[in-house]
Amino acid sequence: MIESDWDDWLVRDVEESTPDGVAIWYLGCNGFVLKGTEGTTIYIDPYLGLGDPPRTVRMIPVPFTPDDVAEADAVLATHEHTDHVHGPSQAPILANTGATFYAPDDSVTKARDEEAWTDEWDVTDEQLTEVTEGETLEIGEFTIHVEPANDPDATHPVSYVFEHDAGTFFHGGDTKPTDEFERIGDEYDIDLAVFAFGTVGQIPDKQTREPKRTRWYNDENQVIECAAALECDRLLPSHWDMWKGLTADPKALHHHAASFEYPKRLEVAEIGDRVVL
């Protein structure tokens, strides 16, 4: 069972809040919670695991215990990697709240077959729903568009565009630059976009455990390239805090963004922080 370093204050903060518009909490790694004016609550890529030490070592607290979550309408995953689809982190949320898990096919296969969520937790098969690029979901007060992503390390990644009366939010998962972002930027007026950001580091190979030069996330130039193509007003870098050897300083992105029209503003959030759409 996962235990939080922070007790339950963060999930209580989410559940007791009454946002004027949309509030967004950063859970560290690439996890977020969105909550709208009417109370619709959506978790995106929540990961509460410790990694696989000494290969992947978690550098931030575990912000909540999944069994403490009492209110959620949906859990969304961007792709099948463990820090985005993780039964011990996500299945208890589905079991406690009756929320639906939305994810691309390989992510749902991992949940259903590899991790056996319906056997190990009180989760029904109907709660596991496949999505694909081009689909639109209506979840409470949010309209969510499933869009492409470019993550060469994943088998089937997607990104999500969340539309709300208060504004539009984009979550790219672990995507790197793609020509699709110009189309997405033309199609939606994106107020706030999340892109994974990190350094290149020496990470032990999964099989040999020998140190290997590893790039999993956008570097400082790639993340600005993504935001500029998307023409987002605000850029919130994620994932920079998570893994030992791949951490980065998001404040450095001010220099890289300075000469571009977009993003207009850099939004730096630490684990547990709340931003407003």
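The values are calculated or read from the model by the stated rules, or taken from the named source; none is laboratory data. Just so it is clear, the model here is predicted, and its values are computed rather than measured. All Cβ positions, even for glycine, are placed from backbone atoms using ideal geometry, and neighbour counts span all protein chains on display.
A few points about this structure:
- Some residue of the range 197-214 being touching a residue at least 24 places away in the same chain (Cβ under 8 Å), buried (at least 24 other Cβ atoms within 10 Å of the Cβ) and within 30 Å of ARG55 (Cβ to Cβ): yes
- Hey, ASP174 modelled with pLDDT of 95 or more and out of contact with any Pro (no Cβ under 8 Å at 6 or more places or on another chain) or not: no
- Residues that are among the polar types (S, T, N, Q), in a helix (DSSP H, G or I) and surrounded by fewer than 24 Cβ atoms within 10 Å (Cβ to Cβ) do occur in the range 217-226, at least one of them.
- The sole residue among GLU138, GLU133, GLU126, GLU147 that is at pLDDT 95 or above, on the phi < 0 side of the Ramachandran plot and assigned to a helix (DSSP H, G or I) is GLU126.
- Tally of residues being in contact with a Phe, Trp or Tyr (Cβ under 8 Å, 6 or more places away or on another chain), of a type outside the set (D, E, K, R) and over 18 Å from GLY198 (Cα atoms) across the range 13-45: 11
- Selection of first residues in the range 58-81 that are without any contact (Cβ under 8 Å) to a residue 24 or more places away in the chain and of second residues that are surrounded by fewer than 20 Cβ atoms within 10 Å (Cβ to Cβ), restricted to Cβ pairs under 9 Å at least 6 apart or on distinct chains, gives an empty result.
- Looking at THR129, THR78, THR136, THR65, just one residue is among the polar types (S, T, N, Q) and touching a Gly at 6+ places or on another chain (Cβ under 9 Å), and that residue is THR78.
- When the range 32-51 is filtered for residues that are free of Cβ contacts under 8 Å to residues at least 24 places away in the same chain and either closer than 30 Å to GLN202 by Cβ or polar (S, T, N, Q) (or both), only LEU50 remains.
- On inspection, SER107 qualifies as closer than 26 Å to THR168 by Cβ, assigned to a helix (DSSP H, G or I) and in contact (Cβ under 8 Å) with a residue 12 or more places away in the chain.
- Filtering PHE162, PHE181, PHE170 for residues that are among the aromatic types (Phe, Trp, Tyr), outside any strand (DSSP E or B) and surrounded by 19 or more Cβ atoms within 10 Å (Cβ to Cβ) leaves a single hit, PHE181.
- When VAL194 is tested against the conditions (1) in a loop (DSSP other than H, G, I, E, B); (2) in contact (Cβ under 8 Å) with a residue 40 or more places away in the chain; (3) touching a Ser or Thr at 6+ places or on another chain (Cβ under 7 Å), the lone failure is (1).
- Looking at ILE24, ILE60, ILE93, ILE42, just one residue is in contact with a helix residue (DSSP H, G or I) (Cβ under 9 Å, 6 or more places away or on another chain) and under 20 Å from ILE271 (Cα atoms), and that residue is ILE93.
- Test result for VAL268, at pLDDT 95 or above and surrounded by fewer than 19 Cβ atoms within 10 Å (Cβ to Cβ): yes
- Cβ-Cβ distances below 8 Å connect the following pairs, each with a first residue in the range 246-275 that is in a loop (DSSP other than H, G, I, E, B), a second residue that is loosely packed, with under 13 Cβ neighbours inside 10 Å, and a separation of six or more residues or different chains: VAL268/LYS251.
- Candidates GLU3, GLU38, GLU16, GLU71 - the one that is within 25 Å of THR124 (Cβ to Cβ) and of a type in the set (D, E, K, R): GLU71
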